[in-house]
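The values are calculated or read from the model by the stated rules, or taken from the named source; none is laboratory data. This structure is a prediction, so every number in the text was calculated from the model and none was measured. Using ideal geometry, Cβ is built from the backbone for each residue, glycine included, and neighbour counts are taken over all protein chains shown. Remember, those area values only see protein heavy atoms, side chains included, never the ligands or the DNA or RNA. Shrake-Rupley method; radii C 1.70, N 1.55, O 1.52, S 1.80 Å.
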Amino acid sequence: MFLFTTPPESSSAPQRPVVEAIRAGARDGDVGFDYLLATAQRESALDPSARASTSSAAGLFQFIEETWLSLVRSEGPRIGLGAEAQAITRAGDGRHVVADPRQRDAILALREDPEISARLAGAFTRQNRDLLAAELGREPSESDLAVAHVMGASGAASLIRAVREAPHTPAADLFPRAAQANRALFFEPDGRSRDVAGLYRAIAQAQERAGARARDAAPAFGEEAPLAFARADGPAFHGFFRTDTARSPVSGAVSSLWAGEGAAMPPAAPPASAPAARSSAAAPRAAAQAPLDLSAFTRGTR
């Protein structure tokens, strides 16, 4: 398993459709169940029908329309969505389109299917994991992956490098378009600008809190009551980089973080040198690079 332990299934436990869908998605994507559960809690409060009021994001993992279409196109045939994948094409500007409006609506509605959403979230996490591993030269942490879910893998890599090299750089200076669109993430409640270390910490701590809420509200490993939604007031945040006019896999606000015209495209496959399978070669490389202890920033000790 990758990074985090997936607890054993309990055959005597009652069915909890949302939690079991997330478990299946983690297994299918070879990613951590704890991470995927916390991400769903953070994004949607474990509500499969959650919709963001400020963007096109919907479902357990709050995928915007462009990201969802790109994932269905690339991963759909593998999970029984071959017809849906074939209906999705790439326009000249890189966007994913479906010729039949009704079919497009039907494909987007699949975001509210917990099983499909979780399986594609597992695939998306796997993509981000491998891209970050190639970019950083080490295994990404759970916090790194949470940042990638919000900012995209390339944006996350840029932020992580900035935290390493100049942690007190104002985040809005490094990501001006994103900051303009998402003041709640880039600025403190009193209006002070967060530095890049503070931005990383804000996302990482939100992920950590979401994981604690999910464990408290959804006893996925025991035999208690079935899952109830963890919060009545909705998600912890709905992916701060999403807008209704987004054209890239994350949003227009972050597309400037991705180099070249390919910024509007889904993450490409990692280079052959990237560790698709976690190999023993990763350890010497990580040791040689001496990766920054980002957990210190998560704890607020730096």
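Remark: the GLU112-GLN86 segment gains 7.3 nm on full extension, using 0.36 nm per residue and subtracting the alpha carbon distance.
Phi angles across the stretch 97-106 convert, under the Karplus curve 6.51 cos²θ - 1.76 cosθ + 1.60 with θ = phi - 60°, into 3J(HN,Hα) values of 10, 10, 5, 8, x, 5, 5, 4, 4, 5 Hz, Gly and Pro given as x.
Note on SER53 and GLN205: the extension gain reaches 52.4 nm, defined as 0.36 nm multiplied by sequence separation minus the Cα-Cα distance. Accessible-area rank, largest first, for ASP47, ASP30: ASP30, ASP47, with all protein chains present and a 1.4 angstrom probe.
Accessible area per residue for the stretch 32-178 is 33 Å², calculated with a 1.4 Å probe on protein heavy atoms, without ligands, DNA or RNA.
Surface composition of the stretch 42-150: carbon and sulfur make up 46 percent of the accessible area, probe 1.4 Å. When peptides 65-77, 100-112 are ranked by their average number of other Cβ atoms within 10 Å per residue, the highest-first order is 65-77, 100-112. Normalised by 2.2 N^0.38 Å, where N is the number of residues, the alpha-carbon radius of gyration of the stretch 145-212 equals 1.03. Here the stretch 17-76 is treated with +1 on each Lys and Arg Cβ and -1 on each Asp and Glu Cβ, and its dipole about the Cα centre works out to around 80 debye. With both labels modelled 7 Å from their Cα along Cα-to-Cβ, the ASP93 to ARG177 distance reads 1.2 nm. For the stretch 77-116, the alpha carbon convex hull comes to 76 Å³ per residue, rounded to a whole number. The residue list ALA87, ALA134, MET151 was ranked by how far each Cα lies along the charge dipole of the stretch 75-199 toward its positive end, using unit charges on Cβ atoms, and ALA87 comes out on top.
Fraction of C-alpha pairs exceeding 13 angstrom in the stretch 139-181: 55 percent, rounded to a whole number. Estimated at 0.36 nm per residue, the fully extended path between THR169 and ASP30 surpasses their Cα-Cα distance by 46.5 nm.
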